[in-house]
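What follows draws every value from the coordinates through simple rules; no lab data is involved. Remember, predicted model here, so these are calculated numbers, not experimental data. Positions of Cβ are backbone-derived with ideal geometry, glycine not excepted, and every protein chain shown enters the neighbour counts.
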């Protein structure tokens, strides 16, 4: 599974553009994965948004992940769910999900990353890596040192989220991230496709340099 450029949709940061529109523009720029994240929608509205994104990502060959809501992810035919530390336990989600279903986990330390791996996560995301204004509940950034420590501690794909920009993405990859998850750096831009393409190119260049 590729998580190089993992774009999280947000209609407010996305200047009123719909989740599906943001997803379509992001995958056109090379996004490998799209996450639907919306704390304000009803279950039905979230399902409708998820179903629309599922069509976009299916056509593009990109992964589709739903934040928090395993029920919506399963109903919409998403590829997986992303769980925070206060969400449904990973083990329970694994029990309910079909074979091959992706379960990602937000982590904030080496210990929580090791625990997520033991419980059956398919990837872990250090959240937030840097301070960010995109998520009100994110808290202070954990930094590149923690990212590097998690890289050493777990063999799972490691994604960095929070405060990632075109300017710092090379440092994040150099510290050990397999990919980056972004909100503002892509969906907050006027040209979502161009922003995604630039980040994708910078990630590829950083990975090539590290080989």
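Values computed for the structure shown
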{"quantity": "Any chance residue 194 is in contact with a strand residue (DSSP E or B) (Cβ under 7 Å, 6 or more places away or on another chain) and either crowded, with 20+ Cβ neighbours inside 10 Å or closer than 19 Å to residue 23 by Cα (or both)", "calculated": "no"}
{"quantity": "Residue in the range 141-155 that is more than 26 Å from residue 79 (Cα to Cα), touching a residue at least 24 places away in the same chain (Cβ under 8 Å), out of contact with any helix residue (DSSP H, G or I) (no Cβ under 7 Å at 6 or more places or on another chain) and assigned to a loop (DSSP other than H, G, I, E, B) present", "calculated": "yes"}
{"quantity": "Condition met for residue 26 (buried (at least 22 other Cβ atoms within 10 Å of the Cβ), assigned to a loop (DSSP other than H, G, I, E, B) and in contact with a helix residue (DSSP H, G or I) (Cβ under 7 Å, 6 or more places away or on another chain))", "calculated": "no"}
{"quantity": "Count - residues of the range 25-53 that are under 19 Å from residue 77 (Cβ atoms), in contact (Cβ under 8 Å) with a residue 12 or more places away in the chain and out of contact with any strand residue (DSSP E or B) (no Cβ under 9 Å at 6 or more places or on another chain)", "calculated": "4"}
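One line per residue, one yes/no per condition, for (1) over 24 Å from residue 29 (Cβ atoms); (2) in a helix (DSSP H, G or I):
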position	(1), (2)
47	yes, yes
50	no, yes
59	no, yes
74	yes, yes
91	yes, yes
94	yes, yes
99	yes, no
